[in-house]
Amino acid sequence: MSQTISDALQARIDSLPLNPGVYIYRDGRAQVIYVGKAKNLRARVRSYFQNAAQHTVKTRRLVADIVDLEWIIVPTEVDALVLENTLIKRYQPRYNVLLKDDKTYPYIKIHWQDDFPKVSVTRKVFKDGAGYYGPYTSAFTVRQTLDSLRRVFPYLTCNREITGQDPRACLYYDIKLCVAPCIGVVDREEYRAVMQGLADFLEGRSDEAIAALEGRMKAAARQLNFERAAMYRDQIKLAQRLVAQQQVVSPDPIDQDVIAFASDENGDETAFQVFLVRRGKLIGRESFVLPHTRDDDRAELLATFLSQFYDQASALPPEIVLPIEPTDGDVIAQWLTEKRRAHVDGDDPAVRLALPADEESVKALALAESNAFEALRTLRAVREADKSKQVLALQELQSALGLETPPGRIECYDISTLQGTNTVGSMVVFAEGTPRKSDYRRFKIRGRGSQGEPDDFASMREMLRRRFRRAVEPQGDDPGAKARQSSAAWAVLPDLVIVDGGKGQLGVAVEVLKEFDLLDQVPVAGLAKQREELFLPGKRTSILLPRDSEGLFLVQRIRDEAHRTAITYHRNQREKSGLASTLENAPGIGPKRRQALLKAFEGDVAAIKAANVEELAAVPGMTLAAAQGLKEHL
């Protein structure tokens, strides 16, 4: 091999099997830095360490960072693809191209498992009998979609137990956004027919949905229920208006996704555009931007996008039109076919990856590509506008607070508690006016006030001491790779500290900075909530930034982000402690199983409660009987 590697790594490579599977590279801190799949594990991994001159810069950097590797054998290449997706989502390796690294995408969920299905928005897909539609790029897109469709297919949003015997309906019935099964206006079958129309529309079967509405309108007229018939008539008009807004892509009633992509001049970012064509009409489009793609092969990049985008898709078309053939296209097509087979009854479940073969497909692909370029142009324009605002905001803060330079790194601290329970603190970091989430820190407050009671000042003092102690003391003995990795962030001193709470909390911050001899190095200000005043040490009067200034807007964003982070962490701690106490009383759940459940579901209360018996039983250490008992207990 042309690449110089350690004897231990060479031995690992030589012992690789010839089977299909997934390989995992780790660096010197034992962090997962890359996950890949292979038809032949030994041949694929060896290729990384041969002919280094032919590799891209990104691959050479990856190889230089590899210290250890492990692998998992699977029966087929499709299994390798599925496992690769799972591990990439779990580890978020820095050398893998990630569709989105901070959260999953929202889906519209219809709760078909209930007698009167409700509609919700979720970011997790379970095999629970519900219908999932998406993914969408943002919750705003989901809300827009539902706001339009709810006027045509009024659905439940309340938590009432539906008996049909309630004395009166809520306001949503009066404004025609609910069909009021609670008072018996429609029965179970009629309500589920309304929801089926919504599902048809989401899947692109608008003709069937409108035909069903027309059938119900005629039936109501025959029964002389003219009020109901008029309601259906109005819904039909709204539905036809929505259909008229859909662009016709093909004269034939075809179902397909059209995917194109475009990169910026340097190739640093690549935008993907997905056109959802159903029955020949463009029913939706989604735009995604993948960062750090300069050194990625286009065919491999397309394959990565396909595997991540369709990973949790609940509905797939029979054809996906692409601009080029993706790497391992036959494996991806086989995987998509198996996914579609689970949702298609009777029809041919095959999914075909195709290049454009007719004039309509060529035009649709060209339109998608132009939209991808436009997405990149818009993103650049927004960033440039934001950058100018950020520069102005930092300059205004420098002037108002009397700082020597604009504050490039701002840290803001907030405390969250509820009657003294589960007290936590948050530290958020803004670098050059934008959030740097990798440097955020959350604190569980261990101490209490001077009288043994909860005390916000004592909590702030503890959090600031823990933060700035790490800045002045060496961190080489931090336990664990994660702590060692984060020590560099702790060592960076902020250009400005903001504590939420005004003069009182400012005094605490000054006390702590003096304790560590940092008061002359770290400017600090207290933010009072009522008038959004800024207080400085030794100044009796507060500073009020102009109400329309970019500096004030930045301070508000930072304060709100610190508050949101603290509130979210506090809520999670309350839920975990509540769930832990519930699990403690569950039959057959001891300390080891309780820990395993919390680890498997990442402490997500809703996920544990929503999990079915099979998913609970799959947790290490659980049995089917224990899972059934826990499900009944929850």
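The values are calculated or read from the model by the stated rules, or taken from the named source; none is laboratory data. Remember, it's a predicted structure, so these values are computed and weren't measured experimentally. We place every Cβ from the backbone using ideal geometry, glycine too, and count neighbours over all the protein chains shown.
Could you give me the residue pairs with C-beta distances under 8 Å whose first residue belongs to region 6-23 and is loosely packed, with under 13 Cβ neighbours inside 10 Å, whose second residue is not in a loop (DSSP other than H, G, I, E, B) wherever it lies, and which are 6+ apart or on separate chains?
Short answer, once both residue conditions are applied: A8/D68; P17/L41; P17/R42; P17/W71; P17/I73; L18/L41; L18/R42; L18/A43.
Looking for whichever is closer than 21 Å to D79 by Cβ and either touching a residue at least 60 places away in the same chain (Cβ under 8 Å) or surrounded by fewer than 15 Cβ atoms within 10 Å (Cβ to Cβ) (or both) here; the options are A342, A375. Which one fits?
A342
Given the criterion at pLDDT 85 or above and either surrounded by fewer than 18 Cβ atoms within 10 Å (Cβ to Cβ) or assigned to a helix (DSSP H, G or I) (or both), identify the matching residue among L156, L238, L224.
Matching residue, one of L156, L238, L224: L224.
What residue, of G507, G551, G501, is within 37 Å of the chain's Cα centre (by Cα) and closer than 23 Å to R441 by Cα? Spell out how you get there, then give the answer.
On the way: G507 fails: within 37 Å of the chain's Cα centre (by Cα); G551 fails: closer than 23 Å to R441 by Cα.
The unique qualifying residue is G501.
What are the residues in region 295-329 that are within 24 Å of the chain's Cα centre (by Cα) and assigned to a helix (DSSP H, G or I), if any?
Residues satisfying the conditions are E300, L301, L302, A303, T304, F305, L306, S307, Q308, F309.
Residues that are buried (at least 18 other Cβ atoms within 10 Å of the Cβ): list the strands (runs of 3 or more DSSP E) wholly contained in region 49-127 that include at least 3 such residues. Even if it seems obvious, please write down each step before you answer.
Working: elements: 68-73, 107-110, 119-122.
Per the criteria, 107-110.
Condition check: loosely packed, with under 12 Cβ neighbours inside 10 Å and part of a helix (DSSP H, G or I). Does E369 satisfy that?
no
Could you list all residues from region 282-325 that are basic (K, R) and touching a residue at least 60 places away in the same chain (Cβ under 8 Å)?
Of everything in region 282-325, those that are basic (K, R) and touching a residue at least 60 places away in the same chain (Cβ under 8 Å) turn out to be R285, R294.
Return yes or no: is R42 surrounded by fewer than 19 Cβ atoms within 10 Å (Cβ to Cβ) and either hydroxyl-bearing (S, T, Y) or more than 30 Å from A180 (Cα to Cα) (or both)?
In short, yes.
Filter region 159-189 for residues that are without any contact (Cβ under 8 Å) to a residue 60 or more places away in the chain, outside any loop (DSSP other than H, G, I, E, B) and loosely packed, with under 15 Cβ neighbours inside 10 Å; which is nearest to the chain's Cα centre (by Cα)? Walk me through it before giving the result.
Applying the first criterion (without any contact (Cβ under 8 Å) to a residue 60 or more places away in the chain) to region 159-189 yields 159-180, 182-187, 189.
Next, only the ones that are outside any loop (DSSP other than H, G, I, E, B) stay: 171-174, 182-183, 189.
Narrowing the set further to residues that are loosely packed, with under 15 Cβ neighbours inside 10 Å leaves 171, 174, 189.
Working: L171: 33, D174: 36, E189: 35 Å.
Only one residue tops the list, namely L171.
Where residues in region 413-435 are modelled with pLDDT of 90 or more and either β-branched (V, I, T) or not assigned by TED's automatic domain parsing to the domain that holds L493 (or both), which of them is surrounded by the fewest Cβ atoms within 10 Å (Cβ to Cβ)?
Out of the qualifying residues, it is V429.
Going by the conditions given, is D257 under 30 Å from P323 (Cβ atoms), acidic (D, E) and assigned to a loop (DSSP other than H, G, I, E, B)? Let's see the steps before the verdict.
Working: under 30 Å from P323 (Cβ atoms): yes; acidic (D, E): yes; assigned to a loop (DSSP other than H, G, I, E, B): no.
So D257 does not fit the description; no.
So, of the residues in region 453-483 that are in a helix (DSSP H, G or I) and surrounded by fewer than 15 Cβ atoms within 10 Å (Cβ to Cβ), which turns out to be modelled with the lowest pLDDT?
A481
Restricting attention to region 308-327, which residues are over 30 Å from I210 (Cβ atoms) and at pLDDT below 90? Steps first, answer last, please.
To start, the set of residues in region 308-327 that are over 30 Å from I210 (Cβ atoms) comprises 308, 311, 322-327.
Q308, D311 - these are the residues of region 308-327 that are over 30 Å from I210 (Cβ atoms) and at pLDDT below 90.
Which pairs turn up if I take residues in region 216-227 that are under 15 Å from E190 (Cβ atoms) and look for partners that are among the hydroxyl-bearing types (S, T, Y) with beta carbon separation below 7 Å, at least 6 apart in sequence or on another chain?
Partner pairs satisfying both residue conditions: R216/Y232; M217/Y232; A220/Y232.
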